[in-house]
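The values are calculated or read from the model by the stated rules, or taken from the named source; none is laboratory data. This is a predicted model, so every value here is computed, not measured. Backbone-built Cβ (ideal geometry, glycine too); neighbour counts: all protein chains shown.
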Amino acid sequence: MITNKAKKRVLQVVGEWVPIMGLEWYTINHQFNEATDSSDEQTQATTNTTWYYREATMTWHLPKLALLEDDELENVVVHELVHILLDPIHPEGDGINHHLEYATECLARALLAARKA
Ligand SMILES: [Zn+2]
(Lines give C-alpha, C1' and ligand atoms only; values in the text may rest on other atoms or scores of the structure.)
Protein backbone atom coordinates (compact mmCIF):
# COMPACT_ATOMS: atom_id res chain seq x y z
CA MET A 1 0.00 0.00 0.00
CA ILE A 2 1.30 3.43 -0.96
CA THR A 3 0.63 4.92 2.49
CA ASN A 4 2.67 2.18 4.20
CA LYS A 5 5.64 3.14 2.06
CA ALA A 6 5.10 6.82 2.89
CA LYS A 7 4.98 6.00 6.61
CA LYS A 8 8.25 4.09 6.35
CA ARG A 9 9.88 6.97 4.42
CA VAL A 10 8.70 9.54 7.01
CA LEU A 11 10.06 7.56 9.94
CA GLN A 12 13.36 6.99 8.16
CA VAL A 13 13.87 10.72 7.50
CA VAL A 14 12.77 11.61 11.04
CA GLY A 15 15.30 9.10 12.36
CA GLU A 16 18.05 10.73 10.32
CA TRP A 17 17.26 14.29 11.39
CA VAL A 18 16.35 13.95 15.09
CA PRO A 19 19.98 13.49 16.21
CA ILE A 20 21.25 16.15 13.81
CA MET A 21 18.85 18.64 15.38
CA GLY A 22 19.52 17.54 18.96
CA LEU A 23 15.97 16.39 19.54
CA GLU A 24 16.76 13.02 21.10
CA TRP A 25 15.69 14.39 24.48
CA TYR A 26 12.17 14.98 23.17
CA THR A 27 9.44 12.37 23.28
CA ILE A 28 8.06 12.47 19.77
CA ASN A 29 4.80 10.68 19.04
CA HIS A 30 3.67 10.06 15.50
CA GLN A 31 0.13 9.90 14.21
CA PHE A 32 -0.50 8.72 10.70
CA ASN A 33 -3.58 9.98 8.92
CA GLU A 34 -4.53 7.84 5.96
CA ALA A 35 -7.69 9.73 5.08
CA THR A 36 -7.78 11.20 1.62
CA ASP A 37 -10.65 13.58 2.30
CA SER A 38 -8.95 15.90 4.74
CA SER A 39 -10.73 19.22 5.08
CA ASP A 40 -7.40 21.02 4.77
CA GLU A 41 -6.12 20.22 1.31
CA GLN A 42 -2.81 21.99 1.89
CA THR A 43 -1.73 20.26 5.07
CA GLN A 44 0.90 17.58 4.68
CA ALA A 45 1.86 17.43 8.33
CA THR A 46 1.25 19.18 11.62
CA THR A 47 3.21 19.27 14.83
CA ASN A 48 1.84 20.00 18.27
CA THR A 49 4.35 20.48 21.03
CA THR A 50 4.16 20.59 24.79
CA TRP A 51 7.62 22.04 24.89
CA TYR A 52 7.84 22.44 28.67
CA TYR A 53 7.49 18.64 28.95
CA ARG A 54 9.67 18.09 25.88
CA GLU A 55 6.89 16.23 24.12
CA ALA A 56 5.64 16.56 20.57
CA THR A 57 3.03 14.88 18.43
CA MET A 58 3.60 14.91 14.73
CA THR A 59 0.66 14.11 12.47
CA TRP A 60 1.50 12.93 9.00
CA HIS A 61 -1.07 12.98 6.20
CA LEU A 62 0.17 9.97 4.30
CA PRO A 63 -1.80 10.21 1.03
CA LYS A 64 -0.32 13.67 0.43
CA LEU A 65 3.18 12.71 1.54
CA ALA A 66 3.12 9.65 -0.69
CA LEU A 67 3.05 11.96 -3.71
CA LEU A 68 6.29 13.73 -2.76
CA GLU A 69 9.77 13.14 -4.10
CA ASP A 70 12.41 12.24 -1.51
CA ASP A 71 13.81 15.78 -1.25
CA GLU A 72 10.32 17.25 -0.90
CA LEU A 73 9.48 14.79 1.86
CA GLU A 74 12.73 15.63 3.64
CA ASN A 75 11.84 19.32 3.46
CA VAL A 76 8.47 18.65 5.11
CA VAL A 77 10.04 16.54 7.86
CA VAL A 78 12.76 19.08 8.66
CA HIS A 79 10.20 21.91 8.63
CA GLU A 80 8.07 20.05 11.17
CA LEU A 81 11.07 19.26 13.36
CA VAL A 82 12.07 22.94 13.35
CA HIS A 83 8.59 23.66 14.69
CA ILE A 84 9.53 21.58 17.75
CA LEU A 85 12.65 23.68 18.27
CA LEU A 86 10.84 27.00 17.87
CA ASP A 87 7.59 26.23 19.68
CA PRO A 88 8.82 27.71 23.01
CA ILE A 89 8.86 31.14 21.36
CA HIS A 90 5.44 30.68 19.73
CA PRO A 91 2.98 33.15 21.24
CA GLU A 92 0.23 31.52 23.27
CA GLY A 93 -3.08 31.05 21.55
CA ASP A 94 -4.48 29.44 18.48
CA GLY A 95 -3.96 30.31 14.89
CA ILE A 96 -1.07 30.34 12.51
CA ASN A 97 1.69 32.84 13.18
CA HIS A 98 3.09 33.85 9.82
CA HIS A 99 6.29 35.28 11.28
CA LEU A 100 7.04 32.03 13.05
CA GLU A 101 6.07 29.99 10.00
CA TYR A 102 8.50 32.05 7.93
CA ALA A 103 11.29 31.58 10.47
CA THR A 104 10.56 27.85 10.58
CA GLU A 105 10.78 27.48 6.82
CA CYS A 106 13.97 29.60 6.60
CA LEU A 107 15.69 27.52 9.27
CA ALA A 108 14.56 24.28 7.65
CA ARG A 109 15.97 25.33 4.29
CA ALA A 110 19.23 26.47 5.90
CA LEU A 111 19.64 23.14 7.67
CA LEU A 112 18.91 21.21 4.48
CA ALA A 113 21.38 23.32 2.50
CA ALA A 114 24.07 22.99 5.17
CA ARG A 115 23.72 19.20 5.21
CA LYS A 116 24.09 19.02 1.46
CA ALA A 117 27.10 21.37 1.39
ZN1 LIG B 1 4.87 25.03 9.51
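Below is a table of values for the structure above.
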| read-out | value |
| --- | --- |
| Top-ranked residue in segment 75-90 [being farther than 13 Å from Trp51 by Cβ and free of Cβ contacts under 8 Å to residues at least 40 places away in the same chain; ranked as surrounded by the most Cβ atoms within 10 Å (Cβ to Cβ)] | Glu80 |
| Number of the condition not met by Leu100 [criteria: (1) over 21 Å from Thr27 (Cα atoms); (2) modelled with pLDDT of 95 or more] | (2) |
| Checking Asn33 against (1) at pLDDT below 95; (2) of a type outside the set (A, V, I, L, M); (3) out of contact with any Ser or Thr (no Cβ under 7 Å at 6 or more places or on another chain), the condition it does not meet | (3) |
| Some residue of segment 78-94 being over 14 Å from the mean Cα position of the chain (by Cα) and within 11 Å of the ligand (Cβ to nearest atom) | yes |
| Ala56 of a type in the set (Gly, Ala, Ser) and within 16 Å of the ligand (Cβ to nearest atom) | yes |
| Positions within segment 1-10 being surrounded by fewer than 14 Cβ atoms within 10 Å (Cβ to Cβ) and free of Cβ contacts under 8 Å to residues at least 60 places away in the same chain, in sequence order | Met1, Asn4, Lys8 |
